[in-house]
1. If I filter segment 270-290 for residues that are open to solvent by 10 Å² or more (accessible area, probe 1.4 Å), in a loop (DSSP other than H, G, I, E, B) and closer than 19 Å to residue 81 by Cα, do I get at least one hit?
2. Given the condition in contact with an Asp or Glu (Cβ under 6 Å, 6 or more places away or on another chain), within 18 Å of residue 268 (Cα to Cα) and within 16 Å of ligand 1 (Cβ to nearest atom), answer yes or no: does some residue in segment 118-127 qualify?
3. Pairs only if they're at least six apart or on different chains, beta carbon under 7 angstrom, first in segment 6-34 and farther than 19 Å from residue 51 by Cα, second in a loop (DSSP other than H, G, I, E, B) and open to solvent by 60 Å² or more (accessible area, probe 1.4 Å); list them, first residue then second.
4. Of 326, 296, 322, which residue is open to solvent by less than 10 Å² (accessible area, probe 1.4 Å), under 18 Å from residue 96 (Cβ atoms) and part of a strand (DSSP E or B)?
5. I'd like the full set of residues that are touching a Lys or Arg at 6+ places or on another chain (Cβ under 8 Å), of a type outside the set (Phe, Trp, Tyr) and under 16 Å from residue 263 (Cα atoms), limited to segment 31-83.
6. Taking residue 70 as meeting all but one of (1) at pLDDT below 95; (2) within 19 Å of residue 154 (Cβ to Cβ), write down the number of the exception.
7. Quick one: in segment 84-110, of everything that is in contact with a Lys or Arg (Cβ under 7 Å, 6 or more places away or on another chain) and in a loop (DSSP other than H, G, I, E, B), which residue is nearest to ligand 2 (Cβ to nearest atom)?
8. Are there any pairs, at least 6 apart or on different chains, whose C-beta atoms fall under 7 Å, with the first in segment 165-185 and touching a residue at least 12 places away in the same chain (Cβ under 8 Å) and the second of a type in the set (Ser, Thr, Tyr) and more than 16 Å from ligand 1 (Cβ to nearest atom), and if so, which?
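The values are calculated or read from the model by the stated rules, or taken from the named source; none is laboratory data. All of these numbers come straight from a predicted model, not from anything done at the bench. Here the Cβ positions follow ideal geometry from the backbone for every residue, glycine too, while neighbour counts run over all protein chains shown. Protein only, heavy atoms only, side chains kept; ligands, DNA and RNA dropped before computing areas. Shrake-Rupley method; radii C 1.70, N 1.55, O 1.52, S 1.80 Å.
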Amino acid sequence: MLVVMERNTPERVIQEVVTRLSEKGFEVHRSTGVTKTVLGIIGDTSDLNPDWLQMMPGVQKVHRISEPFKLASRSFHPDSSVIKIGDLEIGGDKIVVMAGPCSVEGRESITEIAKQVRKAGALILRGGAFKPRTSPYEFQGLGEEGLKYLKEAAEMEGLLSISEVMEINQIPLLLEYVDILQVGARNMQNYSLLKELGRIDKPVLLKRGMAATIEEWLMAAEYIISRGNFKVILCERGIRTFEKYTRNTLDISSIPIVQKLSHLPVIADPSHGTGVRENVIPMAKASIAAGAHGLLLEVHSDPPSALSDGFQSLYPHQFEKLMKKLDIIARAVDKTL
Ligand code: PEP
Ligand code: MN
């Protein structure tokens, strides 16, 4: 249930409503906008009489949220959320590009790629250290060593970093080495992991599961937010369909849909979304045109020798050229790169 307070309601009047609800045992999440405050009541509200709330001073409107996701919904938080990491903002008018190899493969290679992507305009360095591979016989990532190299390379180039967390017990390591924790498609419904990530104070990039509906994806975000971590970035990475020419089908339509349903930033990953290098470029452009706040892109200095996902990794020169085009597209949708 949502309680929309009247414009410019004094703080003490808002607090009074929060206190009355807490006394009844409800958890109250607050969204403070420029002029309006919205209170989200979490818990079983079936016995809560909306008229009781409606009569309280300062209350403008009380309504039940029809969507199953509450705190992730735009009804709860009408303004778009902007996630700040130092000077960087994700979810605003500046497109944020996260680029780098699928996996961190070694100190020298990640340092080289970091230089290349930074030069082309990326702001965040990606690189997996714990890899969810389909086959247990394939490269599983360098673990902590990989995280160390990633951090070193990112810091050397003045970039932020992102890497995947696969298990709860890896969270402390990720917190030590990276700025954003990535939840992979395969873990989107790992609810115990999501709950733990709700307790941390760093942004979480939540990939859409390969067979997840938009609603299921937003419910996964709700798991994180409802534990207190509102810094969730959604990432469309393609869903599995009957199509065989691509690895996945990048659902670009989910970008405007999610933006209507939710206040959370949404970015696209055309690398996993298509799985084919030559298709990554047009789909990256299309994602920005569709309103994505950023991109996650696999770039490798020598894709044929990559230990994972080489066939979908861009060559540095392709990435550089793409960034120039994205700059033009960004301006056409009132953003900058
Ligand atoms: C990745 O980003 O390298 C990755 C494994 O992605 P996904 O979880 O989308 O498959
Ligand atoms: Mn990959």
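1. Yes, the conditions are met somewhere in segment 270-290.
2. No, the conditions are met nowhere in segment 118-127.
3. Pairs that qualify, where the first residue is farther than 19 Å from residue 51 by Cα and the partner is in a loop (DSSP other than H, G, I, E, B) and open to solvent by 60 Å² or more (accessible area, probe 1.4 Å), are 7/36; 33/78; 33/79.
4. Being open to solvent by less than 10 Å² (accessible area, probe 1.4 Å), under 18 Å from residue 96 (Cβ atoms) and part of a strand (DSSP E or B) holds for just one of 326, 296, 322, which is 296.
5. The answer is 36, 37, 38, 39, 40, 74, 78, 83.
6. If we test residue 70 against (1) at pLDDT below 95; (2) within 19 Å of residue 154 (Cβ to Cβ), just (2) comes out false.
7. 95
8. Here the result reads 168/192, each pair linking segment 165-185 to a residue that is of a type in the set (Ser, Thr, Tyr) and more than 16 Å from ligand 1 (Cβ to nearest atom).
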